[in-house]
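Enquirer: Pasting a structure here, questions to come.
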Amino acid sequence: MALEHLKINQHHTAIQLLKKVITLNPDYVAAYYQLGQALEKTNTAEAAAAYKSSIETATRIKNNHAKAELMSAYNMLTNDY
């Protein structure tokens, strides 16, 4: 549902829904990624924080593929290559 809100530029609603998903399932790395994407539209500092949290989660659950993608998104946002 959050992704549908993103499609119609309802970023704040999508952000609230994604935060709820993360609260319910803190290991769902894709939700952090989508949250970062949504936050990039409204608050880049919060987006960077969301990406950092997702990188930590991906590391903890040993999801190296997700970690690499999240690190790339974080680096692109922060211009930290």
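What follows is calculated from the coordinates using simple rules that are stated; it is not laboratory data. Keep in mind that this is a model prediction, so the values were computed, not measured. Positions of Cβ are generated from backbone atoms using ideal geometry, with glycine treated the same way; all protein chains shown enter the neighbour counts.
Enquirer: Relative to the compact globular guide of 2.2 N^0.38 Å, what is the alpha carbon radius of gyration of the chain, as a ratio?
Expert: Scaled against compact globular proteins, the figure is 1.02.
Enquirer: Tell me the angle of helix 64-78 to the major Cα principal axis of the chain, expressed in degrees between 0 and 90 and rounded to the nearest ten.
Expert: For 64-78 against the chain, the angle is about 70 degrees.
Enquirer: For Thr59 paired with Leu3, estimate the spin-label separation in nm (one decimal), with each label point 7 Å from Cα along the Cα-to-Cβ line.
Expert: Here the modelled spin labels are 2.8 nm apart.
Enquirer: Please sort 17-25, 58-66 by packing, taking for each peptide the average over its residues of neighbouring beta carbons within 10 angstrom, highest first.
Expert: 17-25, 58-66
Enquirer: Tell me, what ³J(HN,Hα) does each residue in the stretch 5-22 have, in order and in whole Hz, if you take phi through Karplus 6.51 cos²θ - 1.76 cosθ + 1.60 with θ = phi - 60° and put x for Gly and Pro?
Expert: After applying 6.51 cos²θ - 1.76 cosθ + 1.60, I find 5, 5, 4, 9, 6, 9, 5, 5, 5, 4, 4, 4, 5, 5, 5, 5, 4, 5 Hz.
Enquirer: Next up: Taking Cα atoms, how many degrees apart are the long axis of helix 29-40 and the longest axis of the chain, rounded to 10 and kept between 0 and 90?
Expert: The answer is roughly 60 degrees.
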